[in-house]
Structure formats: structure tokens, C-alpha cells
Amino acid sequence: MAKAAPEGLITALDIGSSKVSAMIAQKGDGGELIVLGTGQRESRGVKRGYIADMAATEAAVREAVEQAERIAGINIENVWVGFSAGGLVSDVAEVEFELGGHRVEQGDIDALLAAGRNSIDPQGRMVLHAQPALYTLDGLTGVKKPLGLHADRLGVHIHVVAADGSPVRNLDLCVRSAHLEVKSIIASPVATGLACLSEEERELGVALVELGAGITNVSLFAGGMLVGLTSIAMGAADITDDIASAFGTQRQHAERMKCVHGSANASPRDNHDMIPVMPIAAEDGASEGAQITKAALIGVVRQRLEHQMGEIRQALAKLKFEGPVGRQVVLTGGGAELNGIADYAQQALGRSVRIGRPRGLTALPEAHGGPAFATLAGLAFYAATDPIDLRAVAPQQTVHRQRGIGMVRKLIQAARANY
């Protein structure tokens, strides 16, 4: 019989286009996160990151959470949920106060954060994150703890992530319909960056490319925070659909062909290796399928990858991810599990590329240790840190200011100038 959840328990819920996954974790005595249980179900009601079938998605959420509860032997009541659909935007608001040279007191910081909260202009979107990232003292950036220091001017950079309101509300409603309290809805790139990127990578500058099933999120980190974000309505499921269409087979067989025999790289031997194809008309394997060469399968995979990498190149250029050849790209998400994808992306993007996997979790099952579960792990990390959110002290979730966004992009422009 499952027992009530103990204090300090964290449940992460990632609702994607191909799968719904849940993780129950608890902080250890040393601050480490210990995984107590995980669950996973096929996602049947999500398209391109958006909920298209409320009932089907709710059922998948229930089943994934119940599986994690059975393994952990604990009943949970609330979850931290990831949001990965298109429409996400990232920005940085900057405010500064004159102090006149006296020591920074807590009241000064509180007043600064209140002013920063009022500087946020979501332009009609729903704010998911509004967090003080770094402070500035007399123009010196990167100050983490200004309390007690003397300064003429005190400033703060506030990291803001916003999204279209309706998809976020649909996600919230779906989870609550499964009788779960939503602690917070977290932007997927924010969570995934915590699981896959080192603190130094986020400081120096790195691009994170999340290859989801239905959507690809391309985000840029610099100065320790997310400074740019764009979404591409294309993902790993498009490769599966291309295979199914090209060889006349069902999606589930096409997915298996992609995972078992597919690759982003070709070799001469591929012209001789043969792969069986189950035709759509076959029932329980009653009729014999045709055979294709591995080269033919890889050709379909690479054709879609070429288009996808072209879109990613454009996204990186749009985010001003330019400059020295050592800038790194980290691939994660289920699409990053394709054989040879890192080498292919390195050639296609002209950048150093590595695969991002979740790290730093104790007792994480091997089956959930791949890039497809990076967002799930990141949600747990985010919940464990529970960073300050300025919306908690705001009278409303979205606060509009009187003038345009003149100061908002200063830090982004400065960060990108370094590229």
C-alpha cells in the first residue's frame, strides 16, 4: 500500500508529443537528488507540443504518474510540469537604482526587484519565469550577492520567459483534470539546460538544441542564463513519418526501423545490408513484406535531417550564435538518440557538437538516462533549487509598463556582441 508523500518530495512531469514521462525524486542529506520512481506512457493527444486531445492526454498523465507512484511506493499530490510548445520567447529586463555610495541593504534589493517586476512587458503573453539572474554594481556585471557591498549604482538583470497563454492554460487544465496540483509550469529549455549544461558552458556561451518528436527548440545561453530562444515545428517524428510514407509501412514499424537500423551517416556496406519492411496491409505478419537496403533507409533519414539542420542553422543565425569556431552546440531530446547524429550535426552546423544527457541524479534507471529524458531530469533540478520568481510578489501574473521595451534587450545585445 502506497504511503503519503514525505516532506521535500519532487515530482516532475514532461508531456511531450511522443511520450508522457514522470519522475518522483527526493533530496538526500547532502542535497543530491535521489530518484524513487519513474513512469512513462505513449503520448496520444499532443501534437507539436500542443494538447490536441484533452481526454487522451489526461489518461496518459494518470498512467505515467501512477506507474511512478507504484515504483516509489508513494502517493503524490503535486507536480512540476514542462512546457515545450512553440510560442516561447526569452528576454532580459534590466533596471538600475542610484544608491549614492552607501552599503546595499535588503530593502534596497527588495525595492530593486519590485521595480524590475514592473519593468516586465510580456506583450500579451503569459509569463512563465521572471527571475533575478545577476546584479550589477556601478556597471560591474555578474555580482551574485550584493548585500553589504558599497555602490553608487545597483542594478539587476531579470530573466523573463513567456509563452502564448492558451496552450499553457490547456496544459494546466489537463494536469489538474488528472487530480494533480500544478506547482509550476516550467519552460522546457530552462529545465533541460539545468540537466545537460555545466555552469561554465552557460557562462561562456552554448546553444542547446532539443530534438523533440514534434518540435525542435533552439536556445542560446550566455552569461549564465537563457538569452535567446526560437522553436521549429519539426522533429524526430517527421523522420518516422517519412520512412512510413516512403516504404508503405505503419508508423510503429517505421519507428522501429529508424531506431534499430537508422543512422545519420552512410557507409558502403549499407548497400548490401537488407532490412525487412512490414507492409501496412499485413495482418499479424500474415503476408510477407518486401526488403530494402539499409542505404535506402538512411537516404530517407538524411534527406529529412538535411532540411532540419538547415532550419537549425537559420535559427542559430537568427539568435546571433556566431563567432569563433569553438562555440559548442549540445543536442538533446529523443531525436538525439539517432545513431551518428552528433557527427552529422557537427558537419552540417560547422560547430563542435555533443549529446546532452541528464546527469547528477542518484538511482536514475538506465532506461531513463538518455537525452530523451533530459527535460524530465531538468524539471526535478529546477524544483529542487526553487529559484526566486518575481511573480510571487506581483499583484497579477503579467505586469505591463507604460513605455516600450527600450531597456529590456540591453543585456541580450551585450551578450551577443561577445560572439
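The values are calculated or read from the model by the stated rules, or taken from the named source; none is laboratory data. Just so it is clear, the model here is predicted, and its values are computed rather than measured. We place every Cβ from the backbone using ideal geometry, glycine too, and count neighbours over all the protein chains shown. Keep in mind that these areas ignore ligands, DNA and RNA; they rest on the heavy atoms of the full protein, side chains included. Shrake-Rupley method; radii C 1.70, N 1.55, O 1.52, S 1.80 Å.
Numerical summary
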read-out	value
Lone qualifier among I355, I341 - being open to solvent by less than 30 Å² (accessible area, probe 1.4 Å) and not charged (D, E, K, R)	I341
Flag for G310 being closer than 25 Å to R357 by Cα and surrounded by fewer than 17 Cβ atoms within 10 Å (Cβ to Cβ)	yes
Selection status of V160, more than 25 Å from P358 (Cβ to Cβ), of a type in the set (A, V, I, L, M, F, W, C) and open to solvent by 10 Å² or more (accessible area, probe 1.4 Å)	yes
Test: A85 is assigned to a loop (DSSP other than H, G, I, E, B) and either at pLDDT below 95 or closer than 16 Å to S188 by Cβ (or both)	yes
Within segment 114-137, considering residues that are polar (S, T, N, Q) and either farther than 19 Å from A163 by Cα or part of a strand (DSSP E or B) (or both), the one nearest to the chain's Cα centre (by Cα)	Q131
Matching option when the condition is at pLDDT 90 or above, surrounded by fewer than 15 Cβ atoms within 10 Å (Cβ to Cβ) and not in a loop (DSSP other than H, G, I, E, B), among A380, A317	A317
Qualifying positions in segment 317-350 - in contact with an Asp or Glu (Cβ under 8 Å, 6 or more places away or on another chain) and farther than 18 Å from T192 by Cα	A348
Candidate set from segment 142-157 (those that are at pLDDT below 90 and closer than 21 Å to A114 by Cβ); member that is surrounded by the most Cβ atoms within 10 Å (Cβ to Cβ)	H157
All positions within segment 166-189 that are more than 9 Å from the chain's Cα centre (by Cα) and assigned to a helix (DSSP H, G or I)	S166, P167, V168, R169, N170, L171, D172, L173, C174, V175, R176, S177
Strands (runs of 3 or more DSSP E) wholly inside segment 190-277 containing at least 3 residues that are of a type outside the set (V, I, T)	206-211, 216-222, 225-232
Selection count where residues are assigned to a loop (DSSP other than H, G, I, E, B) and either among the β-branched types (V, I, T) or open to solvent by 40 Å² or more (accessible area, probe 1.4 Å) (or both), scope segment 88-113	4
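Residues checked against (1) open to solvent by 30 Å² or more (accessible area, probe 1.4 Å); (2) not β-branched (V, I, T):
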residue	(1), (2)
I10	no, no
D29	yes, yes
A60	no, yes
A64	no, yes
A68	no, yes
